[in-house]
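Participant: Sharing a structure with you now.
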Amino acid sequence: MEGRETVSKRPNIVLIVADDMGYGDFGVFNDGPARTPHLDALVDEGTCLAQHYAGSAACSPSRAALLTGRYPHRTGALTPMEMRGMDRIALDEVTLGDTFKHAGYATGLIGKWHNGKGTLDRSFANGRAVYMGGMANHADFAVQDLKDGELGKERDAGGFSSTVFADEAIRYIQQAKGDKPFFLYVAFMAPHDPRNPPEKYRKMYYENRPPLPANYLPQHPFQNAPQATSGRDEGLAPWPRTREVISDQLCEYYGLVTHLDEQVGRIMKALEGSSHADNTLVVYTADHGLGMGSHGLLGKQNVYEQSMQCPLILQGPGVPSGKSS
C-alpha cells in the first residue's frame, strides 16, 4: 500500500459527513448501483474502512457519538434545558471542535448541526450556512451564519443544499491563510429525504433504474420496535411495499447521492488547487444508512446492516491507498 509522503507540520482536517448514506449505496463499495466517480476516486487515492459502523442508526445520536468519540448512550443530554435545545451531548463533554480549538486549530462549521445550541457553543465559534434542524426541503430552506460564537438571523440558503454547503466549503478552503492549521466540518443534508434531487440527477436513474435490494420484502416480517417499523421514515410509502414504489424511491435517493458526489468532487478540486493540497487530511463518512426496501423497510432506526454500516474514507498525507477490513 502506497501513500502520500508524510509532512512534518500538523495537517489540516476536512471532515465531510453525509446524511443517511449506507456503505452499499455507492459505486466503489460492493459494486453498488449509484454513480459516484468522485467518491470512487477518493477511495482509490486513500483508505476505505470496509467494516465501519455507525454509533447509532439515528441522525442526532450518531452525530453525537462522532463528535465525542463516545457511545450514544454515554453522550446524552442530562438536563431538561439541554433536551429542549435538541442537544444530544451533555455540556461537560469534550467535542471534536473543542479539541481542535484547544490544539491551536482554526475551526469552521458548514451545514447540518442537529445537536443543539449548547453543544454548538462548545464546538465552533465560526461557520457559514449552518442548518440547526434535522431535515428540510433541499431546494428551499433557511440557514444561519455563525460568527464569534453568535448565530445570525435565519436567511434563505439560496440554492440546493448540497451545492450551498460545497460552495461554502470551497470558500473556506480558498480563504484559509495557512498561518495555522484548520479543522473544517462539512455536514451535508443529502441524501436524507425529502427525496427531491435536481431533475438532471433524478432523470438519469429513472431512465436506467437500479435493481431492488436482494433482500427486498413487501413487509417487514415482525415488529421489532415501534419506531423501527412505524416511524416517520416508514411512512414515506404505504405497506405493503410494491416493487414500483421502491424502485421510484431508489431512483430519487440515488439521484441525491450522485449530486452529492459531484459536490464532493468540487471540494476536492478546490483543495487540490489550493496551497493546502499536500497537507490536508480528508475524511468522508455518514451518520448511518437506510433501508430503502431492504427487509421491507425504508428508514433507519434498526440494527440491520443497511442501516448501521456506513462509509469511512481517509485520504491525505501519509494515508496508504487500499481497502482495509
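The values are calculated or read from the model by the stated rules, or taken from the named source; none is laboratory data. Computed from a prediction, not measured in an experiment: that's the story for all the values here. All Cβ positions, even for glycine, are placed from backbone atoms using ideal geometry, and neighbour counts span all protein chains on display. Accessible surface areas use protein heavy atoms only, side chains included; no ligands, DNA or RNA. Shrake-Rupley method; radii C 1.70, N 1.55, O 1.52, S 1.80 Å.
Participant: So, in nm, how far is label His102 from label Asn137 when the simple model puts each one 7 Å beyond its Cα toward the Cβ?
Facilitator: Here the answer is 4.3 nm between the modelled labels.
Participant: Distance check, please: which entries in Lys153/Lys300; Lys112/Lys269; Lys147/Lys180 exceed 30 angstrom between their Cα atoms?
Facilitator: Numbers: Lys153/Lys300 32 Å; Lys112/Lys269 22 Å; Lys147/Lys180 19 Å.
Flagged as over cut-off: Lys153/Lys300.
Participant: Could you work out what % of the accessible surface of the chain is carbon and sulfur, using a 1.4 angstrom probe and leaving DNA, RNA and ligands out of the count?
Facilitator: About 53 percent, which is the carbon plus sulfur part of the accessible surface.
Participant: Turning to a different aspect of this structure: On a full-extension model of 0.36 nm per residue, what is the gain between Asn126 and Ser275, subtracting their alpha-carbon distance, rounded to one decimal in nm? List each step's numbers first, then the result.
Facilitator: On the way: separation 149, 0.36 × 149 = 53.64 nm, distance 2.17 nm.
Taking 0.36 nm per residue and subtracting the Cα distance, the gain is 51.5 nm.
Participant: Students often check this: by mean Cβ neighbours within 10 Å, which of 201-208, 136-143 ranks highest, and how do the rest follow?
Facilitator: Working: 201-208: 15.2, 136-143: 18.0.
Per-residue Cβ counts within 10 Å, averaged per peptide and sorted highest first, yield 136-143, 201-208.
Participant: Of all DSSP beta bridges in region 93-168, what percent run antiparallel (nearest 5)? Walk me through the intermediate numbers first.
Facilitator: Values: 6 of 10 bridges.
The answer is about 60 percent antiparallel.
Participant: Here is a further query. So what is the relative contact order for region 192-325, in percent, with contacts set as C-alpha pairs under 8 Å and at least six apart?
Facilitator: On the way: 162 pairs, mean separation 42.6, N = 134.
Relative contact order comes out at 32 percent.
Participant: How far apart, in nm, are the 7 Å Cα→Cβ label points at Glu45 and Lys177?
Facilitator: With each label placed 7 Å out from Cα toward Cβ, I get 2.7 nm.
Participant: Next question. Over the chain, calculate the relative contact order: mean separation of alpha carbon pairs under 8 Å at least 6 apart, over the residue count, as a percent. Walk me through the numbers on the way to the answer.
Facilitator: Values: 726 pairs, mean separation 109.4, N = 325.
It rounds to 34 percent for the chain.
Participant: Name the residue, out of Pro11, Pro211, Pro61, whose mean-square fluctuation peaks in a Gaussian network model built on the chain with Cα pairs under 10 Å.
Facilitator: Evaluated over the chain, the most mobile residue of the options is Pro211.
Participant: Accessible area of Tyr254, 1.4 Å probe, to the nearest 10 Å²?
Facilitator: 10
Participant: Considering the chain as a Gaussian network with a 10 Å cut-off on Cα pairs, which listed residue, Leu212, Leu250, Leu260, attains the greatest mean-square fluctuation?
Facilitator: Leu212
Participant: A further question on this structure: Rolling a 1.4 angstrom probe over the protein chains, ignoring ligands and nucleic acids, what is the accessible area of Asp248 in square angstrom, nearest 10?
Facilitator: In the full protein context, Asp248 sits at about 60 Å².
Participant: Could you work out the helix-only [θ] at 222 nm for the chain, with each DSSP H run of four or more residues adding -39,500 (n - 2.57) and the total divided by the number of residues, to the nearest 500 deg cm²/dmol? Don't skip to the end; give the middle numbers.
Facilitator: Values: 10 runs with 100 residues, N = 325.
Value at 222 nm, helices only: -9000 deg cm²/dmol.
Participant: Let me ask something additional. Evaluate the distance, in nm, between pseudo-label points positioned 7 Å from the Cα of Arg10 and of Ser321 along their respective Cα→Cβ axes.
Facilitator: Computed distance between label sites Arg10 and Ser321 equals 3.0 nm.
Participant: Here's another thing I want to ask about it. Over the chain, what is the percentage of antiparallel beta bridges among all DSSP beta bridges, to the nearest 5? Display every interim value, and only then the final one.
Facilitator: Values: 15 of 41 bridges.
The antiparallel proportion sits near 35 percent.
Participant: Taking 0.36 nm per residue of sequence separation and subtracting the Cα-Cα distance, how much length would be gained by fully extending the chain between Gln219 and Glu305, in nm to one decimal?
Facilitator: 29.2 nm
Participant: Sort 175-188, 276-289 by the packing proxy (mean of other Cβ within 10 Å over each peptide's residues), most packed first. Please report the intermediate quantities before stating the final value.
Facilitator: Working: 175-188: 18.5, 276-289: 21.4.
Averaged packing, sorted descending, gives the order 276-289, 175-188.
Participant: Another question about this same structure. Just read off the accessible area of Glu305 with the full protein assembly in place, 1.4 Å probe, to the nearest 10 Å².
Facilitator: Glu305 has an accessible surface of roughly 100 Å² with all protein chains in place.
Participant: Evaluate the relative contact order of region 84-232 (contact order divided by residue number), counting alpha-carbon pairs under 8 angstrom at least 6 apart; express in whole percent.
Facilitator: 22
Participant: Leaving out same-chain residues fewer than 8 places away, which aspartates and glutamates sit with a Cα under 19 Å from that of Lys117?
Facilitator: Leaving aside aspartates and glutamates fewer than 8 places away in the same chain, those within reach of Lys117 are Glu82, Asp87, Asp92, Glu93, Asp98, Asp145, Asp148, Glu150, Glu154.
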